[in-house]
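Worksheet: one structure, shown below.
The values are calculated or read from the model by the stated rules, or taken from the named source; none is laboratory data. A quick note: this is a predicted structure, and the numbers were derived from the prediction, not measured. Cβ placement follows ideal geometry from the backbone for every residue including glycine, while neighbour counts extend to all protein chains displayed. Accessible surface areas use protein heavy atoms only, side chains included; no ligands, DNA or RNA. Shrake-Rupley method; radii C 1.70, N 1.55, O 1.52, S 1.80 Å.
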Amino acid sequence: MLNSVAYKYSPIFIQNLLLSCHELIKRKLRATKSSNALMQQLISHEKDSKALEEYSKNKLESVINNAINNTEYYSKYKNKKNLNISNFSYTSKEDVRKHTVQFINCKSKEIKISGQTSGTTGKSLTIYQDISSVRAEKAFTDRHLQWAGFKKGDKIAWLRGDKIVPMQQKKPPYWRFSYFNNMIFFSAFHMTKEVIPMYIKAMEDNKVDIIQAAPSSVVTLAKYLEMNDSYYQGKLKSIVTSSESLSLEHKLLIEKHFKCTVFDWYGLFERVAAIASCEHNNYHILTDYSHVELLEEDNGYHEIVGTNFNNRIHPLIRYRTGDYVALSNKKNCPCGRVYPIIDHIKGRRGDYLIAEDGQKVYHLSQITKAIPGIIAAQFLQDSQTKINLLLVVDENKFDSFQKTKLINSAKKDLGASLEIEIELVDIIPKTKNGKTRQVICNIKG
Ligand SMILES: [Zn+2]
């Protein structure tokens, strides 16, 4: 509906109505009695370790049975005695790519909905889901929204990769209303530095309760506030982020300038792991969402390996995500939820550059951190000798002195021999999924 020519050329109030209907239909399909019942069940066991363990154990058994009986790929384990999860070999992304059809549940009569994982080096995977899988996902994300204080009727500002404002529109408002669920959708594709203060004001004027955003977009708003030594003037319950990496430094920046807690969600389209931060800023591995194993690496980090609980049509067992976490010593969280705690998510696949010595460098926001005038940045690397840096800046604050400082900062972290080329842009380009990649490294291996 939103991609149609009719939507594109309709006046804004018609677009608001069409968006409202689109959202209503989406809600009717996803937020059903079953997804709501699941959410209530999830809430009921999150502080009860025995009930949670029982739930997860049953889920894992059911997933294994489904996989060995209904998919060709995992059928080789069918006759194994006393089969348990540790008997399975790890499943790699390459396995799924090579044997796509063998992973599909051949007995399911459900409609298959296909989707793409976000490929970081141009290689994405096609994963199929059925409607129950979509509804289960909704139950989990709705529960996280409840952690963030959401109550029925709250107004939500949505700032993610949805194309709700046609690209040819060159004047504000770059936001649309969805009346039935009390949401305002802001276009991340029009977020130039001139537009940023309009977004902040529109959120304040509309008395938004919660902002749901891609980290890069809300970080850009927070940086604007920081640069102008100002703070969000409205009263927010919380900000909920997902889909991209969020560094601790950026999380704190948002929390400072929006004066509320950020609830961050790590997930991936393969649905093999979900990690959610709570009101005490602890990241919990949701053990009712999937079975997660953490594989130790040489560098002190652990790789997330997961088995999805909620996709009977495309089971994945012991799937290696290529994403890493740092463990935490904390055993309990004051929030009372009994899920294991990790210290932080290192970064997602591809969220790094290769330094001159061949090491992967994550957390590149450190490089731009101390440089005034930078609103948004994207690092691009096609060769081991050069890095391109796209920047959205406030020209009044970012001058040649700051530019030199930035280049030195990049060389300090990445290597003095690297060539750093800076290009000033109006907006950081988005992927076709509407995501903003802070780092694009096209070097293989
Ligand atoms: Zn907690």
Summed residue charge, Cβ within 14 Å of residue 414's Cβ, Lys/Arg positive, Asp/Glu negative: -1
Charge dipole (the chain, unit charges on Cβ, about Cα centre) - positive-most of 67, 424, 340: 67
Selection from 215, 388, 103, by position along the positive dipole direction of the chain (Cβ): 103
Bridge orientation stat for the chain from DSSP, antiparallel percent rounded to 5, came to 60
Sorted from largest down, what three extents in whole angstroms do the Cα atoms of the chain have along their principal axes? 70, 55, 46
The chain, accessible surface, carbon-and-sulfur percent (1.4 angstrom probe): 51
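In square angstrom, what is the accessible area per residue of segment 327-388 with a 1.4 angstrom probe? Mind dumping the intermediate values first?
On the way: 2870 Å² over 62 residues.
Averaged over the residues of segment 327-388, the accessible area is 46 Å².
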Which percent of Cα-Cα pairs in segment 288-368 sits in each 10 Å bin, short to long? 15, 39, 31, 13, 1
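Give me Rg over Rh for segment 353-441, both radii from the alpha carbons and Rh done the Kirkwood way, two decimal places. Working shown, then result.
On the way: Rg = 12.6 Å, Rh = 13.3 Å.
Reported Rg/Rh (Cα atoms, Kirkwood Rh): 0.95.
In segment 146-253, which GluC sites (Glu not before Pro) fall in coil by DSSP and have 14 or fewer other Cβ atoms within 10 Å?
Passing sites in segment 146-253 are 194.
Against the 2.2 N^0.38 Å scaling, with N counting residues, where does segment 1-80 land? I'd like the Cα-based Rg ratio to two decimal places.
1.84
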Surface accessible to a 1.4 Å probe, per residue, for the residues of segment 94-207, Å²: 48
Using only the alpha-carbon atoms, how far is helix 215-227 inclined from the longest principal axis of the chain? Give it as 0 to 90 degrees, nearest 10. 30
As I understand it, the value is the acute angle between the Cα axis of helix 131-147 and the longest principal axis of the Cα atoms of the chain; what does it come to in degrees, rounded to 10? 60
Taking 19 Å as the cut-off for C-alpha to C-alpha distance, list the pairs among 28/430; 151/223; 346/432; 8/163; 152/235 that go past it. 28/430; 151/223; 346/432
Anchor residue 412: aspartates and glutamates whose Cα lies under 16 Å away (excluding residues fewer than 8 positions away in-chain): 356, 357, 421
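Select from segment 257-340 those GluC sites (Glu not before Pro) which occupy a DSSP coil region and have at most 16 other Cβ atoms within 10 Å, ordered by residue number. Write out the running numbers ahead of the final one.
Numbers: sites: 270, 279, 293, 296, 297, 303; in loops: 270, 279, 297.
Those satisfying the criteria are 279, 297.
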Using alpha carbons only, how many degrees (0 to 90, rounded to 10) separate the axis of helix 33-45 from the longest principal axis of the chain? 90
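Just flag the GluC sites (Glu not before Pro) in segment 79-173 sitting in loop per DSSP whose Cβ has no more than 15 other Cβ atoms within 10 Å.
Details: sites: 94, 110, 137; in loops: 110.
Passing both the DSSP loop test and the Cβ count: 110.
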Total formal charge among the other residues, if their Cβ is under 14 angstrom from that of residue 371, Lys/Arg +1 and Asp/Glu -1: +1
Given the options 292, 219, 361, state which has the largest fluctuation in a GNM of the chain using a 10 Å cut-off (strictly under) for Cα springs. 361
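Using a simple charge model, +1 on the beta-carbon of Lys and Arg, -1 on the beta-carbon of Asp and Glu, nothing else, what dipole does segment 353-441 show about its Cα centre, in debye to the nearest 20? Each step should come with its number before you reach the end.
Values: 12 positive and 11 negative charges, 71 e Å.
With Lys and Arg at +1 and Asp and Glu at -1, about 340 debye.
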